[in-house]
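Below is one structure. I have some questions about it.
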Amino acid sequence: MELIEGAKRYQKVSYPLRYGIYSELTTRDYVFHFNLNHEIIRMWGRGQNWPHRLEWLKRTITDTWVYYSTGGYTGVFETIGEHYLPNFPYPTNNQLGGTPFAEGSVKKAIEHWYPYVNALQNDLTAHPEGISSFSGYKPILPPAVLKNKGRQLRKILTGHISVLPPDTRHVDYNVIPLIVADGCRHKCGFCKVKNQKGYRPRSRKNIEEQLRNLHVFFDNDLINQNALFLGEHDALGIAPEDLLWAIDQSVERLALNESYMQGTFIFLFGSVYSFLNCPDQLFDNLQDRPVTTYINIGLESASQATLDQLQKPLKVHEVLAAFDKARFINQNYPDIEISLNFVFDESLPKEHFVSLEQLTSERVEKVSDKGSIYLSPLRFDEPSRSRLFYFYQLKRRSRLPLFLYTIQKL
Ligand code: SF4
């Protein structure tokens, strides 16, 4: 097993690119990757039975396996903005992809990777002369310990990240989570990711404690981390000075700007009210920091009938004001990107689709590659051809980058 210095920058390429520093164990049957804490982070099969030679399984920090597929390379990049499609073992609103977790070879890898690797480890221990090629050798952590670590993260945060912002795709969803406020303000009727907690900013003391524990949690692998997600659903709603303080503290204490990975990225959600009430000074201050910030706002619709049907407590004039403010920030702050979410589903009023087309084409004076619009299918695990057809039609006319948003947990 050798230590490898992988790519230093997240890139959108049509071949599998491995990021950060990791160790690799290649056998006749599999390739395994481990992080600097000796935790498995990735694996794929080498035999004929593996679904595709360029597809792999990734293990997240919450100990969830995600299967990255090519999707046959047909339309994946146009649809989600990435060349590889993450497939999840839990229900979500994805419109592409198959059922890789039902594949025998994928199931076998998940169930048997540890006994397989452990047998090799035991073999090496019995034959110490083999250890010299086992650079940085230390026993690999078993599944029970990894599962426990996943639970430990929940304890550290005293919360659970039920959804990541769509923009976290830019760092392959590799973020350090830090909760700066619980819950959200709107509690929209349609939303499947909200929790029952009332909106409540965390104290600085609590944030400091999370950071201390996160430092221990990530340990040696902190060197591979350069991105932070500020949870939960409306980090933008806390006092601007507290938000800036939390970012500064995180960058410093987690050494995000000393990472092996280039750039420092901050991701957060904001509600429409928080965004509209945000003073320009906050954006000036964010722009002055050595970070790139992505803020995702859920507008959902510019049709009042739709907002009412969704039980989203907003008025159309507020949605339009947020849309225009996002355009202004995207044009004037090079290191801040505001992305916007809209829902879509056949059951929504016609007015919703008309307003969506007007917003993404007529209301935008010129074509821009910044300020992505994400369309979020309302239904879970019900891919539909007509929905995809509608998406491509809208995308063709849109003057802003337009993608589908698949709900992904941490
Ligand atoms: S859509 Fe956003 S604001 Fe509305 S309930 Fe869900 S998390 Fe809260």
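Let me know the charge dipole size of the chain about its Cα centre in debye, to the nearest 20, where only the beta-carbon of Lys, Arg (+1) and Asp, Glu (-1) is charged.
Charge dipole of the chain: 760 debye, to the nearest 20.
I would also like to ask the following. Fewest Cβ neighbours within 10 Å first, please rank Leu388, Leu299, Leu268 accordingly.
Starting with the residue having the fewest Cβ neighbours, the order is Leu388, Leu299, Leu268.
Same structure, new question: Give, in nm to one decimal, the length gained when the segment between Asp29 and Ser105 is fully stretched (0.36 nm per residue of separation minus the Cα-Cα distance).
26.3 nm
Which distance in Å, rounded to a whole number, links the C-alpha centroids of region 303-377 and region 177-234?
About 26 Å separates the Cα centre of region 303-377 from the one of region 177-234.
Using a cut-off of under 18 Å, list every residue of region 325-349 whose amide N is near the label point 7 Å from the Cα of Asp369 along the Cα-to-beta-carbon line.
Within reach of a label on Asp369, which here means backbone N under 18 Å from a point 7 Å along Cα→Cβ, region 325-349 contributes 330-339.
With +1 on each Lys and Arg Cβ and -1 on each Asp and Glu Cβ, how big is the dipole of region 2-133 about its Cα centre, in debye rounded to the nearest 20?
That gives region 2-133 a dipole magnitude of about 280 debye.
Next question, about the same structure. To make sure I understand the rule: partners must be lysines, Cα under 29 Å from the Cα of Lys197, and not fewer than 8 residues away in the same chain. Which ones qualify?
Lys147, Lys149, Lys155, Lys187, Lys205, Lys312, Lys315, Lys325, Lys409
Ok, one more. Would you please classify the overall shape of region 257-362 from the alpha carbon gyration tensor, given that a ≥ b ≥ c denote the square roots of the eigenvalues, rounded means a/c under 1.5, and beyond that prolate means a/b larger than b/c while oblate covers the rest?
In terms of gyration-tensor shape, prolate.
Sorted from fewest to most neighbouring beta carbons within 10 Å, what does the list Glu78, Glu5 look like?
Lowest to highest Cβ neighbour count: Glu5, Glu78.
Taking the Cβ of each residue in Val106, Val216 as the centre, tally the other Cβ atoms inside 10 Å and list the residues starting with the fewest.
Final ranking by Cβ density, sparse to dense: Val216, Val106.
Could you work out the Rg to Rh ratio of region 312-385, with Rh taken as the Kirkwood radius (inverse of the mean 1/r over all Cα pairs)?
Using only Cα positions, Rg/Rh for region 312-385 is 0.99.
Right, here's the next one. Along each of its three principal axes, how wide is the spread of alpha-carbon positions in the chain, in whole angstrom units, largest first?
Projected onto the principal axes, the Cα atoms of the chain cover 72, 48, 37 Å.
Tell me the label-point distance for the pair His112, Ala305, using the 7 Å Cα-to-Cβ offset, in nm and rounded to one decimal.
5.7
Turning to a different aspect of this structure: Once region 2-133 is represented by equal point scatterers at the alpha-carbon sites, with solvent omitted, what log10 I(q)/I(0) does the Debye formula produce at q = 0.12 Å⁻¹?
Computed log10 I(q)/I(0) values: -0.51.
Next question. Say R0 is 56 Å: what FRET efficiency, to the nearest 0.05, do Ala239 and Asn122 get from their beta-carbon distance?
Using R0 = 56 Å, I get an efficiency of 0.55.
I would also like to ask the following. How far apart, in nanometres, would the label points at Glu78 and Glu5 be if each is projected 7 angstrom from Cα along the Cα-to-Cβ direction?
4.0
Could you give the nm distance between label points at Glu258 and Ser384, where each point is 7 Å from its Cα heading toward the beta carbon?
The two pseudo-label positions are separated by 5.2 nm.
Between Thr292 and residues 5 or more places away or on another chain, which pairs have amide H atoms under 5 Å apart, with H built 1.01 Å from N, and which residues are they?
Thr264, Phe265, Ile266
Using only alpha carbon positions, build the gyration tensor of region 139-242, then give the equivalent ellipsoid semi-axes as the square roots of 5 times its eigenvalues, largest first, whole angstrom.
25, 16, 14
While we're on this one: Residue by residue through region 265-281, what is 3J(HN,Hα) from phi via Karplus (6.51 cos²θ - 1.76 cosθ + 1.60, θ = phi - 60°)? Round to whole Hz and write x for glycine and proline.
Along region 265-281, the couplings run 10, 10, 10, 7, 9, x, 7, 4, 5, 4, 5, 5, 7, 5, x, 4, 4 Hz.
With angles folded into 0 to 90 degrees, how steeply does helix 143-157 sit against the dominant principal axis of the chain? Use alpha carbons for both and round to 10.
30
Bear in mind that the values in this text are calculations on the coordinates, not laboratory data. Please read these numbers as outputs of a predicted model, since none were measured by experiment. When we count neighbours, we look across all protein chains shown, and the Cβ atoms used for this are built from the backbone with ideal geometry, even at glycine.
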